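Here is the structure we will look at.
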Amino acid sequence: MVAIIIKRVGEMGEKKPMPVHVAVIMDGNGRWAEMKGVPKLLGHNQGTIAMENIVRKADDMGIRYLTVYAFSTENWKRSSEEVGGIFRLLVKFVKTELRELKERNVKVNILGDWHDRIPEDAVASIRETLESTQKNTGLVFNIALNYGSRAEIVRGVNKLLSERDRGEQITEEDISASLFTGDENGNIPDPDLIIRTSGEERLSNFLLWQAAYSEFAFTDTLWPDFMPEEFESIIEEYRTRERRYGGRL
Ligand code: FPP
């Protein structure tokens, strides 16, 4: 009986809860630049501005966790000019946005190995950001940087193996806790919704373990053109979806 009532509420178009955690694959900066006939780094620059606006919007909407895929382990294959440019944008982002992030009570986390290969000034900016926002209690903004999901799982499992006695069983909870989204960053819940821009429809080694029950939203919009209004309308559409987590009402 209760199940029937709950289902009816859903059918009447009643809004479901806001997603707690939204993750975004910010894709299409290169194509945006190509279409405009401008250097690729201008696409990344415009993409950084789009990202800043989405952070504000997510915070204003009361979303608790926002995760962005800023730089994958595969991105090292790009030219040194492009890679260097992306990290310069990170340094500029911290310089211009850290004050507002602090005012908004945003806590920043880095998902990924930010000590490895990353230019020194970017590491210093990351350290400053993490230290000065660590105690904040508002929106949790996770930047996946030098991140790859399979490597994250391997790293987590190896960490568990080194802590355990031989033959001891490992649980799903243990693996979750061992990931970048686990203990070391305050146990971030799995993403409810993963958005990818630019018309591509794949995960590209992003949050593979954490995405087990995530909903997906794909848009043709190139990331630099992705506006807060579209973010909001994707969230609204998500709130009309029925989520069953493998069960059925
Ligand atoms: C994908 O576009 C985007 C990236 C590889 C980098 C994303 C980085 C930013 C938005 C800004 C930097 C981040 C911070 C934290 C300051 P693409 O170049 O793969 O686009 P394409 O598929 O059209 O070539």
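The values are calculated or read from the model by the stated rules, or taken from the named source; none is laboratory data. What you see is a predicted model; the values in this text were computed from it and never measured. Here the Cβ is made from the backbone with ideal geometry for all residues, glycine too, and neighbour counts use every protein chain on show. Surface areas here come from the heavy atoms of the whole protein model, side chains and all, with no ligands, DNA or RNA. Shrake-Rupley method; radii C 1.70, N 1.55, O 1.52, S 1.80 Å.
The residues in the range 188-202 that are under 15 Å from Ala144 (Cα atoms) and free of Cβ contacts under 8 Å to residues at least 12 places away in the same chain can be counted, and the count is 0. When you scan the range 23-30, do you find a residue that is within 12 Å of the ligand (Cβ to nearest atom), open to solvent by less than 70 Å² (accessible area, probe 1.4 Å) and touching a His at 6+ places or on another chain (Cβ under 8 Å), even just one? Looking for residues that are within 12 Å of the ligand (Cβ to nearest atom), open to solvent by less than 70 Å² (accessible area, probe 1.4 Å) and touching a His at 6+ places or on another chain (Cβ under 8 Å), one finds at least one in the range 23-30, hence yes. Count of the range 92-120 residues, restricted to those that are more than 13 Å from the ligand (Cβ to nearest atom), more than 27 Å from Ile153 (Cα to Cα) and part of a helix (DSSP H, G or I), is 4.
Number of residues in the range 46-84 that are in a helix (DSSP H, G or I), within 13 Å of the ligand (Cβ to nearest atom) and hydroxyl-bearing (Ser, Thr, Tyr) equals 2.
Conditions tested, residue by residue: (1) under 18 Å from the mean Cα position of the chain (by Cα); (2) of a type outside the set (S, T, N, Q); (3) open to solvent by 90 Å² or more (accessible area, probe 1.4 Å).
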{"residue": "Arg117", "(1), (2), (3)": "no, yes, yes"}
{"residue": "Gly148", "(1), (2), (3)": "yes, yes, no"}
{"residue": "Ser162", "(1), (2), (3)": "no, no, yes"}
{"residue": "Arg166", "(1), (2), (3)": "no, yes, yes"}
{"residue": "Thr181", "(1), (2), (3)": "yes, no, no"}
